[in-house]
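Below you'll find the structure, written out as structure tokens, and then a few comments.
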Amino acid sequence: MSLTGSSAAAPLEPRNGFLPKVTMPALGEMKRQGKSISALTAYDYATARLVDEAGIDLVLVGDSLAMVVLGHENTLSVTVDEMLHHARAVRRAVRRALVVADMPFGSYHGSIGEALANAIRFIKEAGAEAVKIEGPRVELVRALVEAEIPVVGHLGLTPQSVHRMGGYRVQARTADAAMQLQADAVALASAGAGAIVLEGVPREAAAAITAALSIPTIGIGAGPDCDGQILVFHDLVNLTFAPPARFVRRYGDASALFRSAVEHYREDVERRAFPSDAESYHLPESARRNPQAGKNHEDPRAAQEKMKRA
Ligand code: KIV
């Protein structure tokens with residue numbers, strides 16, 4: 001247990017008091033008003049809190065955490081329990097943004113009943129306000145929405161289909177494929193999806209879908225004409241240890257910042273420059289005057305000097 005201050009257990013009172021809570025209907029209203037929706041992934045309390053306090057509208061607890069947080073090769077192995085663990089941490093941090101949890105591979109690919117039970121866990125146990133599912137699963141979206149669970153769809157390059165796609169490839173590159181993608185998006189919207197993530201599709205296809213839908217599209221590698229944009233937090237701040245994809249813009253270099261902080265700390269520890277006396281706790285004056293206590297609290301630097309001289 002550390003003595004470091006933490007307000008992780010703070011009650012759920014608004015921090016961004018001046019900004020209203022973002023809800024799924026509010027995202028639709030933003031589209032109608034022509035306001036661009038900002039979205040980012042987050043996977044833990046600290047990053048979710050930064051993202052929320054920066055005024056991002058939607059926080060996605062993405063299954064990308066399998067790769068960027070847990071070090072897996074793809075997103076397929078992360079489990080419902082692991083996703084719930086991270087979603088709870090994010091939920092504790094976020095006051096304003098809409099919290100959406102990704103349903104991981106395998107958690108909605110069997111029966112609708114099983115998928116519903118898993119989705120309910122994200123709402124009940126983690127406090128998610130919507131779930132995201134990949135692919136044109138129209139009947140499932142309808143069932144989730146009927147069960148009062150808001151749904152974000154995800155079409156185009158769907159990472160959970162990596163084996164079927166034969167890698168992470170831009171999708172809908174022919175006119176026919178673009179038309180099919182649009183038909184899928186329209187079907188998801190008709191089934192009640194509140195928004196759709198379009199990933200890794202040509203700008204023109206994303207623009208046409210965005211114009212055809214009354215619900216917002218949120219793009220990642222889908223060009224600037226979507227109703228909003230989402231990026232993976234670790235891509236944004238260079239914490240991925242790999243060259244970025246074309247659609248990633250790095251807005252900071254946390255890798256360099258953290259590396260330098262950690263190296264300085266190690267150097268300071270090695271040359272005994274950390275902690276200083278001011279960073280230490282002391283006995284009260286009265287106890288220091290006690291000869292017994294004094295004995296135990298000889299200035300450690302003086303003791304070291306004495307040892308060197310001996
Ligand atoms: O898991 C994730 O991070 C995502 C985004 C890329 C949309 O699904």
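The values are calculated or read from the model by the stated rules, or taken from the named source; none is laboratory data. Quantities reported herein were computed from a predicted structural model and do not represent experimental measurements. Neighbour counts run over all protein chains shown; Cβ positions are idealised from the backbone, glycine included. Just so you know, the surface numbers come from the protein's heavy atoms only, side chains and all, with ligands and any DNA or RNA stripped out. Shrake-Rupley method; radii C 1.70, N 1.55, O 1.52, S 1.80 Å.
Taking amide hydrogens as modeled 1.01 Å from N in the peptide plane, which residues meet the under 5 Å criterion relative to LEU283, leaving out close sequence neighbours?
Here nothing satisfies the definition.
Suppose we look only past 22 Å in the calculated P(r) of the stretch 33-158. What percent of the Cα-Cα pairs does that tail hold?
In whole percent, the long-distance tail amounts to 31.
LEU50 label point, 7 Å along Cα→Cβ, cut-off 15 Å on backbone N: hits in the stretch 251-266?
Under cut-off, by backbone N: 251-262.
Full-extension gain between GLU270 and GLU285, please, as 0.36 nm times their residue separation minus the C-alpha to C-alpha distance.
2.3 nm is the gain from fully extending GLU270 to GLU285.
Out of the total accessible area of the stretch 169-239 (probe 1.4 Å, heavy atoms of protein only), what percent is carbon and sulfur?
55
Restricting to lysines 8 or more places apart or on different chains, can you count the pairs in the chain with Cα atoms under 29 Å from each other?
Count of close lysine pairs: 10.
Counting only heavy atoms of the protein chains, get the accessible area per residue of the chain (1.4 Å probe) and round it to a whole Å² value.
For the chain, the per-residue accessible area is 55 Å².
In angstroms, what radius of gyration and Dmax does the stretch 87-128 have, counting Cα atoms only?
Rg then Dmax for the stretch 87-128, in Å: 11.3, 34.
Taking the highest mean first, how do the peptides 247-253, 218-224, 99-105, 58-64 order by number of other beta carbon atoms within 10 angstrom per residue?
58-64, 99-105, 218-224, 247-253
If you bin the C-alpha pair distances of the chain every 10 Å from 0, what whole percents do you get?
All Cα pairs, binned at 10 Å, distribute as 6, 23, 30, 17, 9, 7, 5, 3, 0 percent.
Once the Cα atoms of the stretch 128-265 are picked out, what are the Rg and Dmax in Å?
17.0, 57
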